[in-house]
Structures are given as C-alpha cells and as structure tokens.
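This report concerns only the one structure given below.
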Amino acid sequence: MSDTIVRPTFYEGEILPASDLIAAVDSGRGQMARHERYLHSWGIASGLELVPKSATDAKNNKYASVQLTAGIAVDGTGREIVVPEDVALNPSDFASMVNGKKDIWYPVFLSGRDESAVASSMLTGACSSSLPTQIKENYDISYGTPGSELSLDEQTAPGFLDGPADGAASPWLVLLGFVEWNPDVSLFFDAKGSVPDSSPVSPRYVGVNAAEVVSGSGTLQLSTHPQGSPDAKNIMALEIHETSDGEMVFGKQNAQGAVTPVLTVTAKGDLTIAGKFSSAVKPGSVQVQSGIASDGIVLPLPPGVTSAMQADIHVHVTPRMVDYPQPPLPVLVAGESWIFIPLECYVDPTRLVHCRIRWIKMPAGGPMLEAPALCDFTIVAAVAASGG
C-alpha cells in the first residue's frame, strides 16, 4: 500500500488497463469513505426499523412476522449500506445462527457486502474467459447471542488511507434491534428497537463530528427526529435564532416545524420558563417548602430532596381559620347558627396531613359534626453534609 493517497491520471492516446479504471472509481469511493468515517459517526441514517406483526397459527401458537423497513446506514469503515425496500426477516436464518430460547432478546445486525454480478456473456477477458463488469453492493442480516451487541464499538477501524471495506473477511456490524424467539414453532415471537431491561445498547444513528456548526439562514435548530416523522411521539427541539434580538428556545416541535417554547433565553441573558425551577441540593444546605394543604394530603418534600437522602425533616402545620361553608347537613334549617373550632392538626411519619374541624350548633350543647379542613404548612429539610 502506498504511504500517500494516489489517484490515476490519463493522457491522450493511452491504452487504459482495467486497473487504472478501477483506481479511478476507488479514488472517489475512498474519499467519500474517509469523509463518512472522520466527519461523521457511523450508524443508521434513515429507516431500518424492525416492525413485528403478531399472528397465531392453527394450534393457537403465537408468533410474529418481522419486517425490516427500507433505509440507509453507514458503517464504521465509511461504507454506505442500502436496503432498497422492506424485507422480511427469515426465521430459518435465525435458527441456523442462534439456538433460540423463549423470553430472551437476540440482537439483529446489518452489514454490507460486495458481491460480483453475473458475468457478461458478450464480453471476454484474457484467454476468452467471461468476466463480470459490475459489483453489487449488497447487504446481510445476521443474528447474535445476547450480549454480542455490547462490543460493537470495539470493531477494528480501517487505516487513514483505506477506502470502505468490502464486508468479505470481517463485516462491520450495525445494530438494528432485537427479536424474541418462539422455539415451539421455530418462528419469531416479537421484535423491538431496544430492550432496556435486557440490554443497555440501542441502535445508534449517524452523527456529525464538528467543532463549529453554522447556519446561513439566521436560525439553527437541533431536533430529536425529522419534521413530521411518524416514528416520534414528541419531537423535541432546541433552536437558536436571530429574531426578537436573538433568542434560544427549547420545547416541542409543532406540525409546521416551529418550536413551542417552554424555556427561552434572550441575548441579554433573560430567562423565561413555563414550568418549575429546581436545582441540585448541596450537602449541608437547608431546603424549605411551604404552602396550603388539606386533610388527607401527603406533604411534598422541598425540591431536590428525596426520602432516600440523609436529611432531617422538620414539619410545622397550622390550621387555617377561614370562612368555611356551612357544615354538610342533609337539611340546613334557615336561621340556624353554627361555629367551628379546630379539632386536630398534625402530620404523621408518612407526612400525611390530619386536619379536621368540629362544627357546633349554637346555642352551646347542640349537635356537633366533624369535617376536613385546611392548614398552612412549612417543611424544612436539613441535608447532611458530605461524609456525615
């Protein structure tokens, strides 16, 4: 191999050998592969989702036919892998690669592979042999044992001068998702893009390696899915724009592609949020929460404080002496006079509020009724310092 990149050049009247023509093609492919490897990160570019369709056979055994949707991926060698149309996963291929068992998720991989086209009968090479004039850039779908998806980042990357791999010796694997197997009928049972309970790894998607991203439109947006993507329940977006004297907004993307802001930062540094503001609780700090609660409510801890923390919790409650409505009698006789007095107001160890009042019919000595009431509360949480 050369110690520098070489591309072929030609002159008039030259007899062109096949090697020079192949080198001309490989030069462009190598340049594109290096661009994909070093200016982007490898993964799925579009599509390539596993879609299960549940069914039941004649013996009432459940199974699923699994389709891989059309799409494009780029592997770690810079090779483009194209699945031009939806394709059904073949259970026989799975059975030949994996000894599938119930209730286990098995990773599904995509890899690229060069394949010689059928030789042309009209063209001959040396010794009158018939040779192919095309290379098919094909793909393979393979299956692994549980855990084999954990080592995908350990695949051997090519050298700086190398073009895309041909996929023959050691194909680069791109994770598509996971399938579940039904050994009773030797068919798939289900398929998912990710299974957090079984594997921490999910399909990865192409990215950009850049120290600077510039937009010429005056607006720059980062979003979790393309606009209008059917795969997204909520498309979240962060947008920087020059309008309104410069702003950064974050929120959900609407159908028109605009961001509905829940957080806005102006160029002057002004911050506007639609929700609550909370920050990390520092060891040794004191956090306070106050408000109004009713009988039967569990009081919330101050923001950032959890029950698992080492914190001393102090609660103070006071009954609210407000104008409560008349007692809930079945029949309230006109002209009757009732007064109320606090009956109880405390918080049990679970922070459940017990706050009730007693209604007394006047004159004294008349009927009495109990009813829920309101209280003012203050919770002080003294968070333990680090180390004790």
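The values are calculated or read from the model by the stated rules, or taken from the named source; none is laboratory data. None of these values were measured; they are calculated from a predicted model. Every residue, glycine among them, receives a Cβ derived from its backbone with ideal geometry; neighbour counts consider all protein chains shown.
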Checking Ser27, Ser2, Ser54 in turn, the sole residue that is closer than 27 Å to Asn138 by Cα, of a type in the set (Ser, Thr, Tyr) and either modelled with pLDDT under 95 or touching a Ser or Thr at 6+ places or on another chain (Cβ under 8 Å) (or both) turns out to be Ser27
Breaking point among (1) at positive phi; (2) of a type in the set (Gly, Ala, Ser); (3) in contact with a strand residue (DSSP E or B) (Cβ under 9 Å, 6 or more places away or on another chain); (4) part of a loop (DSSP other than H, G, I, E, B), for Gly269
(3)
Here is a check on your reading of the model: is Gly100 in a loop (DSSP other than H, G, I, E, B), assigned by TED's automatic domain parsing to the domain that holds Asp140 and in contact with a Lys or Arg (Cβ under 6 Å, 6 or more places away or on another chain)?
no
Any idea which of (1) within 18 Å of Ser116 (Cβ to Cβ); (2) surrounded by 15 or more Cβ atoms within 10 Å (Cβ to Cβ) is the one Leu173 doesn't satisfy?
(1)
(1) over 30 Å from Met248 (Cβ atoms); (2) part of a loop (DSSP other than H, G, I, E, B) all hold for Gly304 apart from (1)
Tell me, yes or no, whether the range 46-53 has at least one residue that is of a type outside the set (Lys, Arg) and assigned to a loop (DSSP other than H, G, I, E, B).
yes
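Looking at the structure I just gave you, is Leu48 touching a strand residue (DSSP E or B) at 6+ places or on another chain (Cβ under 7 Å), of a type in the set (A, V, I, L, M, F, W, C) and surrounded by 12 or more Cβ atoms within 10 Å (Cβ to Cβ)?
yes
So that you can scan it fast, the table gives a plain yes or no per residue for (1) more than 17 Å from Tyr38 (Cα to Cα); (2) among the aliphatic types (A, V, I, L, M):
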| site | (1), (2) |
| --- | --- |
| Ser170 | yes, no |
| Phe178 | yes, no |
| Ser186 | yes, no |
| Ala191 | yes, yes |
| Val201 | yes, yes |
| Val206 | no, yes |
| Val213 | no, yes |
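Per-residue answers, yes or no, for (1) in contact (Cβ under 8 Å) with a residue 24 or more places away in the chain; (2) buried (at least 19 other Cβ atoms within 10 Å of the Cβ); (3) of a type in the set (S, T, N, Q):
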residue: Ala169; (1), (2), (3): no, no, no
residue: Val185; (1), (2), (3): yes, no, no
residue: Ser198; (1), (2), (3): yes, no, yes
residue: Gln227; (1), (2), (3): yes, no, yes
So which residues in the range 280-312 are within 29 Å of the chain's Cα centre (by Cα) and among the small types (Gly, Ala, Ser)?
Ala280, Gly304, Ser307, Ala308
